[in-house]
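The values are calculated or read from the model by the stated rules, or taken from the named source; none is laboratory data. Bear in mind the structure is a predicted one, so any value in this text is a computation, not a measurement. Note that we place each Cβ from the backbone using ideal geometry, even for glycine, and neighbour counts take in every protein chain shown. Please note that ligands, DNA and RNA were not included when accessible areas were found on the heavy atoms of the full protein model with its side chains. Shrake-Rupley method; radii C 1.70, N 1.55, O 1.52, S 1.80 Å.
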Amino acid sequence: MSDTIFTKIINREIPADIVYEDDLALAFKDINPQAPFHVLIIPKQAIATVNDITQEQRELVGHLYWVASEIARQNGYASEGYRLVMNCNEFGGQTVYHIHVHMLAGKPLGWPPYQERIKHNPVEA
Ligand code: 5GP
């Protein structure tokens, strides 16, 4: 798999506002925040998409969610709540092909999370 911008952040080749780091994971503020607190939690091991997670990597992916809970506790968002999202491929809205959990916090978030842009009607199409 070719390197993404996130590998460069892991290797400190480009700067990021890092909020958490351990041997397996790194978390940093999103450059284009969609909530008052928007961080990306990534594995240090590059995995392109959710489709590419192997059986051996299941514990690593679970670890990303534990890291999210730890960041929530450390930053005061655990009790009011937050949203965790992983986008996969084009229709999921994925733009960086190194898996990441978006953590959105600091305001009430709407649901459903999208607005339908194209109404698809197979009869009229
Ligand atoms: P995706 O669209 O793949 O689910 O999410 C990728 C996220 O990475 C986007 O929310 C985007 O704002 C963020 N992002 C892209 N490039 C950079 C960067 O260089 N630094 C940081 N901190 N975030 C980035």
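Just to be sure before I move on: is Gln45 open to solvent by 40 Å² or more (accessible area, probe 1.4 Å), over 29 Å from Gly110 (Cβ atoms) and more than 16 Å from the ligand (Cβ to nearest atom) in the structure I sent?
Yes; evaluated as a whole, the condition is true for this residue.
Could we say that Leu109 is part of a strand (DSSP E or B) and open to solvent by less than 90 Å² (accessible area, probe 1.4 Å) here?
On the way: part of a strand (DSSP E or B): no; open to solvent by less than 90 Å² (accessible area, probe 1.4 Å): yes.
Here the answer is no, as Leu109 does not meet what is asked.
State yes or no: is Glu70 farther than 22 Å from Asp3 by Cα and open to solvent by 60 Å² or more (accessible area, probe 1.4 Å)?
no
Could you say which residue among Thr54, Thr95 is exposed (fewer than 12 other Cβ atoms within 10 Å of the Cβ), under 12 Å from the mean Cα position of the chain (by Cα) and not acidic (Asp, Glu)?
Exactly one of Thr54, Thr95 is exposed (fewer than 12 other Cβ atoms within 10 Å of the Cβ), under 12 Å from the mean Cα position of the chain (by Cα) and not acidic (Asp, Glu), namely Thr95.
Can you pull out every residue in segment 10-39 that is within 8 Å of the ligand (Cβ to nearest atom) and in contact (Cβ under 8 Å) with a residue 24 or more places away in the chain?
Residues satisfying the conditions are Asp30, Gln34, His38.
Does Val85 satisfy the condition of being surrounded by 11 or more Cβ atoms within 10 Å (Cβ to Cβ), at pLDDT 95 or above, within 19 Å of Asp17 (Cα to Cα) and in contact with a strand residue (DSSP E or B) (Cβ under 9 Å, 6 or more places away or on another chain)? So that I can check it myself, show each step before the final result.
Values: surrounded by 11 or more Cβ atoms within 10 Å (Cβ to Cβ): yes; at pLDDT 95 or above: yes; within 19 Å of Asp17 (Cα to Cα): no; in contact with a strand residue (DSSP E or B) (Cβ under 9 Å, 6 or more places away or on another chain): yes.
For Val85, the condition - surrounded by 11 or more Cβ atoms within 10 Å (Cβ to Cβ), at pLDDT 95 or above, within 19 Å of Asp17 (Cα to Cα) and in contact with a strand residue (DSSP E or B) (Cβ under 9 Å, 6 or more places away or on another chain) - is not met.
Only one of these is within 11 Å of Val101 (Cβ to Cβ) and more than 13 Å from the ligand (Cβ to nearest atom): Val61, Val85. Name it. Outline the logic, then answer.
On the way: Val85 fails: more than 13 Å from the ligand (Cβ to nearest atom).
Selected residue: Val61, the only one of Val61, Val85 that is within 11 Å of Val101 (Cβ to Cβ) and more than 13 Å from the ligand (Cβ to nearest atom).
Identify the single condition in (1) of a type outside the set (A, V, I, L, M); (2) out of contact with any Gly (no Cβ under 8 Å at 6 or more places or on another chain); (3) open to solvent by less than 30 Å² (accessible area, probe 1.4 Å) that Phe37 does not satisfy, given that it satisfies every other one.
So Phe37 meets the others, but not (2).
Could you list, ordered by first residue, the pairs with Cβ atoms under 7 Å in which the first is in segment 43-56 and over 15 Å from Met86 (Cα atoms) and of a type in the set (D, E, K, R) and the second is open to solvent by less than 60 Å² (accessible area, probe 1.4 Å) and not in a loop (DSSP other than H, G, I, E, B), at least 6 apart or interchain?
Pairs found: Lys44/Ile10; Lys44/Ala25; Lys44/Leu26.
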